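Undergrad: One structure, pasted below without further comment.
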Amino acid sequence: MSAVLALATGLTGCGVDDDNPIADGGAATTTEETMTGETTTSSARTQYFAGADHVGEKVTITVPVVQDLTEGSVVLDAEAYGDDSLLVLFKGGEREFAEGQSVTATGTVRQFSYDDYADDYGLAESALFDVYADEEFLAADDVTAESATPSS
């Protein structure tokens, strides 16, 4: 193990470029330092919501709406990020989202507990949120929906 750490430590800085082409401006990206000291940049395929590894990280994702849940919550299809029914909680007034509408959400990955977030986000019926217990969710600072296609 120490030989691997020594080798990896010797590689720190090699091939790591701040102008990484993977870091597409429109894609969700994150930069993190590994145990070996290497810095990595991940593209939109990072599984932010597939486990607790990314809890506490700030991320931006753009995905379609599955369900407009309440005035301060929406469920998104974030399969590309590790969860096909991602709960997103937000503050700042009622917003309406249409199923399939593309939404960009920026916030912090958290682990959901109804008791921890009910008061802050005005969550009413606890049964509505039971399915998200102990799962990762997005505590959003900003949720922006793509304009709906005008009907003729």
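Undergrad: May I ask you to list pairs of residues, at least six apart or on different chains, whose Cβ atoms are under 9 Å apart, with the first in region 46-68 being without any contact (Cβ under 8 Å) to a residue 12 or more places away in the chain and the second being surrounded by fewer than 18 Cβ atoms within 10 Å (Cβ to Cβ)?
TA: 53/47
Undergrad: Kindly indicate whether residue 66 is open to solvent by 20 Å² or more (accessible area, probe 1.4 Å), assigned to a strand (DSSP E or B) and at pLDDT 95 or above.
TA: Yes.
Undergrad: Let me ask something else. Scan region 119-130 for residues that are exposed (fewer than 15 other Cβ atoms within 10 Å of the Cβ), at pLDDT below 95 and touching a helix residue (DSSP H, G or I) at 6+ places or on another chain (Cβ under 8 Å) and report the count.
TA: 1
Undergrad: Separate question: What's the number of the condition residue 146 fails, among (1) open to solvent by 80 Å² or more (accessible area, probe 1.4 Å); (2) touching a helix residue (DSSP H, G or I) at 6+ places or on another chain (Cβ under 7 Å)?
TA: (2)
Undergrad: I'd like the residue in region 86-116 that is open to solvent by 40 Å² or more (accessible area, probe 1.4 Å) and assigned to a strand (DSSP E or B) and, out of all such residues, is farthest from residue 128 (Cα to Cα).
TA: First pass over region 86-116, keeping only residues open to solvent by 40 Å² or more (accessible area, probe 1.4 Å): 91-96, 98-100, 104, 110-111, 114-116.
Cutting the leftovers down to assigned to a strand (DSSP E or B) gives us 104, 110-111.
Details: 104: 23, 110: 18, 111: 16 Å.
Ranking the qualifying residues of region 86-116, first place goes to 104.
Undergrad: Anything in region 97-152 that is among the β-branched types (Val, Ile, Thr) and free of Cβ contacts under 8 Å to residues at least 60 places away in the same chain? List them, or say none.
TA: 103, 104, 106, 108, 131, 144, 149
The values are calculated or read from the model by the stated rules, or taken from the named source; none is laboratory data. The structure presented is a predicted model; accordingly, all values stated were derived computationally and were not measured. FYI the Cβ positions are ideal-geometry reconstructions off the backbone, even for glycines, and counts take in every protein chain you see. What goes into the accessible areas is simple: the full protein's heavy atoms, side chains included, and nothing from ligands, DNA or RNA. Shrake-Rupley method; radii C 1.70, N 1.55, O 1.52, S 1.80 Å.
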